[in-house]
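*Asks:* Below you'll find the structure I mean.
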Amino acid sequence: FSKMSSSSTSAGYENYSVTSLDYDSARVTYGIEVIVGALCCSAKQPLKNLHLLDAGCGTGSFTAALSGLVGRVTGVELNEGMRRKALEKTACLENVEIKEGNVTDLCGIFPDSQFDGVLINQVVHHLDEIGSTGFPNISKFIAEAHRVLKPGGALIINSVSPEQCCKSMWHIATVPPAAERYSKRMPPISTLQEFMEEVGFKAGPFFMLPETQHSKEYWSDKEVVLKEENRNTDSAFSLATPEETKMHLDIWKRKIEDGTA
């Protein structure tokens, strides 16, 4: 979505101060070409002149990857553990700045019309609690993104639909209570579209990426979910209780052993 020209909260259900230690072990920066393509479509100047905000930048993997493709990247991250990793990862990159902040309240950090693009990558499901009505914090973030974008700037959201959570992500489905609760945190695409249009964004294309941000090794190993350090790379698993996780992973382990997994 692009801003029309006029002519986190933190992740409350996941302890990222702990899981940040394992987070990058199975993650890949997949979809960079889609991000760059969106910027190219909206920008009226070379990529080297663009300033991008990575909202909820986590450990800074996308921040670092994009730093060589655009002029400047600013990452904002609320969690201290994740932010520390991002600072370490980007320490030698002169065109990168990492700031502390909540993506739903950027007023004290950034003025209006500062960025050419805003990226939020696998973050929106952390913004609202299950049971909240209407995804109010996601709505706040989209309004803030509109405010800090220059006219014509692009908002790029990478998320998962509720249907994908239960039908396409086999590793999460091994613990059904986690998959069910995770799906309820995901806003439908139609809801995101409504929020964007309400604040003045002009509709852009939607893309279904053929792969995920977990490595191919992660996806191809049926035993990957049995290890806690691997589950720590996906916050969905933290939505199940330890008892639920143990019970369902014991079932999954037996399926692996008898060849039915």
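*Asks:* Which is farthest toward the positive dipole end of region 43-128 among A86, V70, L53, measuring Cα position about the Cα centre, with Cβ charges +1 (Lys, Arg) and -1 (Asp, Glu)?
*Replies:* V70
*Asks:* Moving to a separate point now. Not counting ligands, DNA or RNA, and with a 1.4 Å probe, what is C92's accessible surface area in Å² rounded to the nearest 10?
*Replies:* Counting only protein heavy atoms, the figure is 130 Å².
*Asks:* Tell me, what is the Rg over Rh of region 24-91, with Rh the Kirkwood radius over Cα pairs?
*Replies:* 0.99
*Asks:* As a quick test, which of the pairs K85/K202; K184/K227; K99/K140; K48/K99; K44/K150 have an alpha carbon distance above 23 angstrom in this structure?
*Replies:* K85/K202; K184/K227
*Asks:* Taking the Cα atoms of region 52-204, what is the range of coordinates along each of the three principal axes, in descending order and whole Å?
*Replies:* Cα spread of region 52-204 along its principal axes, largest to smallest: 44, 35, 26 Å.
The values are calculated or read from the model by the stated rules, or taken from the named source; none is laboratory data. None of the values given here were measured: they were computed from a predicted structure. We place every Cβ from the backbone using ideal geometry, glycine too, and count neighbours over all the protein chains shown. The area values use the complete protein model at the heavy-atom level, side chains included, leaving out ligands, DNA and RNA. Shrake-Rupley method; radii C 1.70, N 1.55, O 1.52, S 1.80 Å.
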